[in-house]
Each structure stands twice: as structure tokens, then as C-alpha cells.
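For reference, the structure is listed below as C-alpha cells.
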């Protein structure tokens, strides 16, 4: 058995969003939120911390990214409005 001559890597980014609904909003001319960043990032996987939203709210906030091919999995926080994490991936999860 021979080893492959080429390998491909996976690029992972991690972002503390401090609330996904706020992170998805355009704040000002210098801060357009996470959605334009997701369009441009070379990352294959994005780990989100402090999502602070239900899965339905997260899906709504990230709808343009999900339409563009990102896949989403979320672990909702046990206490409403607290923490919570999510994973966005360009590959099927």
C-alpha cells in the first residue's frame, strides 16, 4: 500500500460572535457583520461560540450563508440566552 502523493487540508476558524443575531447585522460602514466575512473566508469549517440563540434564530440570522452552501449544526445552551455553540461547514456534517 502506498501513501498518497498529495494531501488536502481543512482550514478551521473560530469566532466568538457574542450573539449571532447581533453578529449578522451591519453595524456601520466598517463593520458589515459576519455574513460578508463568511463569503470571503477561506475556512472550510467555522466554529462559533456564544451564539446565544435558538436553532431557529441562528438559521434565520445565517440564512444567506446557508443558502450559499454552508451547513450548520448547533448545540443550544441549557439556559435561555446563554452561551451555545455552533459549527458551520462547507462540507456535509
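The numbers here are math on the coordinates, done by the rules we state, and not lab data. Note that the coordinates shown come from a computational prediction; the quantities given were computed from them, not determined experimentally. Virtual Cβ from ideal backbone geometry, glycine too; neighbours counted across all protein chains shown.
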Subset of the stretch 36-93 [without any contact (Cβ under 8 Å) to a residue 24 or more places away in the chain and closer than 22 Å to residue 9 by Cα] = 37, 40, 69, 71, 72, 73, 92, 93
Strands (runs of 3 or more DSSP E) enclosed by the stretch 39-93 - at least 3 residues per element that are crowded, with 16+ Cβ neighbours inside 10 Å = 45-49, 85-89
Output for the stretch 10-38, where each listed residue is in contact with a strand residue (DSSP E or B) (Cβ under 6 Å, 6 or more places away or on another chain) and surrounded by 15 or more Cβ atoms within 10 Å (Cβ to Cβ) | 13, 15, 17
What about residue 56, is it touching a strand residue (DSSP E or B) at 6+ places or on another chain (Cβ under 8 Å) and closer than 14 Å to residue 21 by Cα?
-> no
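Among the residues in the stretch 18-31, are any in a strand (DSSP E or B) and either touching a residue at least 60 places away in the same chain (Cβ under 8 Å) or in contact with a helix residue (DSSP H, G or I) (Cβ under 8 Å, 6 or more places away or on another chain) (or both)? Even if it seems obvious, please write down each step before you answer.
Here is the first cut: in the stretch 18-31, the residues in a strand (DSSP E or B) are 28, 31.
Remaining after also requiring either touching a residue at least 60 places away in the same chain (Cβ under 8 Å) or in contact with a helix residue (DSSP H, G or I) (Cβ under 8 Å, 6 or more places away or on another chain) (or both): none.
So far as the stretch 18-31 goes, no, none of its residues is in a strand (DSSP E or B) and either touching a residue at least 60 places away in the same chain (Cβ under 8 Å) or in contact with a helix residue (DSSP H, G or I) (Cβ under 8 Å, 6 or more places away or on another chain) (or both).
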